[in-house]
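So the structure is just underneath, and the comments pick up after that.
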Amino acid sequence: MTLEPQTAGDPGGEAALPPRPRYLPVLLTGLVALGPISTDLYLPSLPAMRADLLASEGQAQLTISAFVIGIGVAQLIHGPLSDRFGRKPVLIGGLLIYLLASVACSLASSIEMLIVCRVVQALGACVGPVVGRAIVRDAFGRDGAARVMSYIATAMALAPAVGPMIGGAVQAAFDWRANFIAMLIYGCFALVVILLGLPETNRYKDPTATQPRRFFSNYRALLATRTFLGYTAINAMAFSGLFSFISGSSFVIIEVLGVSPEFFGFSFLVFVLGFMAGAFTSGKLNRRLGGDRLILLGTSLSAASGLVGAALAFGGVLELWAILVPVFPFMLGMGLILPNAFAGAIGPFPRMAGAASALLGFIQMSTAACIGALVGQLTSGTAEPMWGAMFVTAALALAARLLLLPPGRV
């Protein structure tokens, strides 16, 4: 199979981009944020949920990892479905699954039942990021995708800030189950907005996209493309570092350092502001420096910050400042990396943007889930497992940037 290049004469190029409503980036931000909201909202409730369901810390963290694995696997299906049937119907179907699963999560009577319900919830939630990224490629083209993804990422970074704050307040006022009701409300709002305000952006519906032969042929062709592999490896490692902090921070900050669930949300602001600063900077500098240089800058910054954080943790410095000070530049680097890695991987494939987005997301989420689960199993009452994973993944992202992309891109 020959993968289509992006050229001025290509029908999938910039000249053929469809009309798009002004509010589309805002709508896409809400869709892409569905996954982070479903994780970050109940982070302050993890300790209380563990106690209520008589679960271990590793089992409680598995409700996050299982969700991420579910998102990763389901993307492999939803991406080609959106290439065949269009973006809008797949979004509607996924959100209906998400709503039903959110209700089931709120009623779970055991940690095992909650883990299963979280996997089902992920099957619906994954349509937000995978189809949302494909819509960005549909509507803004290859050249505009990195810039738009940077601004979407800047706004989307509010999800990890607002999520734990709202989740902490809900936890204090009600209990951990109420946070799944909050997810239900968010999903209902998203469904109404999509039904009323989202235009269909897939101009190249492929009736063969879900046929097994074509399905595997598309993925095989993507995996045979060096630049796709390079950007995807960078993205997977960078996101795994980000996810290591998400999955481990509530236990370290709340249980080990004794910070209240309500204040945890404010502590999380440092994490969020770092990412927002990086993503906003990426959007401003993308045309001047190019995505590849920004990725190099971001991976270098995150690896250096991860080294500092790991050195403090393994040196026995267990204070809130020792977590928040290095995590700001670490996340600033993530903000430079992720939007550009997304755009670099998906940009060359306008006719199968759904499949490219799906495979990218599957590798990203599966890698992050495995590393997050490992952090949970290695819990030691310190920040060592969390910071160790953050440093190693950032260093691997830097190595992927230097080794897997063509030399001319460095």
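A short reminder: the numbers here are calculations on the coordinates, not readings from a lab. Since the structure is predicted, the reported quantities are computational estimates derived from the model, not experimental observations. All Cβ positions, even for glycine, are placed from backbone atoms using ideal geometry, and neighbour counts span all protein chains on display.
What does the C-alpha gyration tensor say about the overall shape of the stretch 120-261? Classify as rounded when a/c is under 1.5, otherwise prolate if a/b is larger than b/c, or oblate. Prolate. Scan (i) -0.38, -0.62, -1.05; (ii) -0.32, -0.54, -0.99; (iii) -0.29, -0.49, -0.89 for the value of log10 I(q)/I(0) by the Debye sum over Cα atoms at q = 0.07, 0.09, 0.12 Å⁻¹ calculated from this model and give just the label. Correct label, based on the coordinates given: (iii). Taking every full run of DSSP H in the chain, the ones that stretch at least 18 Å from end to end by Cα along their long axis and average 1.0 or higher on the Kyte-Doolittle scale are 87-106, 111-125, 158-173, 176-197, 291-314, 320-346, 353-377, 384-403.
With the charge dipole of the chain set up from +1 on Lys and Arg Cβ and -1 on Asp and Glu Cβ about the Cα centre, the Cα lying farthest toward the positive end among the listed residues V270, P21, V317 is that of P21. Set the Förster radius R0 to 56 Å, insert the Cβ-Cβ distance between V317 and I92 as r into 1/(1 + (r/R0)^6), and round the FRET efficiency to 0.05. It comes to 0.65. Net charge of the neighbourhood of P385, taken over other residues with C-beta under 15 Å away and scored Lys/Arg +1, Asp/Glu -1, is -3. For the stretch 272-410, the alpha carbon positions stretch 50, 31, 27 Å along the principal axes, listed from largest to smallest. Counting charges near A373 (Lys, Arg +1; Asp, Glu -1) among other residues having Cβ under 15 Å from its Cβ returns a value of 0.
Round to the nearest 0.05 the FRET efficiency obtained for R226 and V193 when R0 = 35 Å and r is the Cβ-Cβ distance. Working from the Cβ atoms, E equals 0.35. A Stokes-Einstein calculation at 37 °C with viscosity 0.692 mPa s, built on the Kirkwood radius of the stretch 40-85 over Cα pairs, returns a diffusion coefficient of 267 µm²/s. Just the Kirkwood number for the stretch 335-408, please: inverse of mean 1/r across all distinct Cα pairs, in Å, one decimal. Result for the stretch 335-408 stands at 14.3 Å. Counting Lys and Arg as +1 and Asp and Glu as -1 over every other residue whose Cβ lies under 13 Å from the Cβ of N235, the net charge comes to +2. The magnitude of the dipole of the stretch 257-410, with charges of +1 and -1 set on the Cβ of Lys/Arg and Asp/Glu and taken from the Cα centre, is near 760 debye.
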